[in-house]
Amino acid sequence: MKTNPPFWETKSLATMTQSEWESLCDGCGRCCLVKLQDEDTDEIFATNVACRLLDIDTCRCRDYDNRMNKVAMCMVLEPEKKDLLRLLPDSCAYRRLDEGKGLPSWHPLLTANSASVHLSGNSVKGYAQSEEYIHPDQLPEHVINK
Ligand code: SF4
Ligand code: SF4
């Protein structure tokens, strides 16, 4: 029997419902890593240092509803914000769909397992450190190539 294609294959980001949009986040936590920008080239480097609100065990925000009042670097993603989408890691479902790619193989919408992002090694689980314990001067020592 033929089944209908899933919403992420038929809808644009801009036409998804709020719950469809939210379900695209695989919970990798990679967008919650502190970034450094080269003053001369504007190049952006990710560190293994996570926002103080990130629970580094679950890779989820500990205060998602109030995050914008608490963390200056946090951002609200929207389909129209192309500049923000381009700053996301290349594994991120929002960026991938915006670029016309499919969901990554580990994505919970494909695996039906919310832990698959961790089990496949595609979340920050296991290497992220909370910025609560890192002095800002030490950030350059924490740059990673992910
Ligand atoms: S990088 Fe994308 S998929 Fe990963 S936590 Fe951030 S928004 Fe969600
Ligand atoms: S406030 Fe929450 S969602 Fe925003 S960067 Fe920090 S952990 Fe991530």
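Where a number appears in this text, it was derived from the coordinates with a stated rule and is not lab data. Quick caveat: nothing in here was measured; it's all calculated off a predicted structure. Using ideal geometry, Cβ is built from the backbone for each residue, glycine included, and neighbour counts are taken over all protein chains shown.
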If I stretch the segment between residue 80 and residue 42 completely, what's the gain in nm (0.36 nm per residue apart, minus their alpha carbon distance), one decimal? 11.4 nm
Do the sum for the chain: with -39,500 (n - 2.57) for every DSSP H run of n ≥ 4, divided by all residues, what is the mean residue ellipticity at 222 nm, to the nearest 500 deg cm²/dmol? -4500 deg cm²/dmol
Do you know the relative contact order of region 7-142, to the nearest whole percent, from alpha carbon pairs under 8 angstrom that are 6+ apart? 33 percent
What percent does the relative contact order of region 62-146 come to when contacts are Cα pairs within less than 8 Å and at least six residues apart? 10 percent
With label points set 7 Å from each Cα along the Cα-to-Cβ direction at residue 67 and residue 101, the distance between them in nm comes to 2.1 nm
Just going by the charge dipole of region 1-105, with Lys and Arg at +1 and Asp and Glu at -1 on Cβ, which of 14, 34, 48 is farthest out on the positive end? 14
For a distance above 26 Å, tell me the whole-number percent of Cα pairs in the chain that qualify. 27 percent
If you add up the charges near residue 97, with Lys and Arg at +1 and Asp and Glu at -1, over every other residue whose beta carbon is less than 15 angstrom from its beta carbon, what do you get? -2
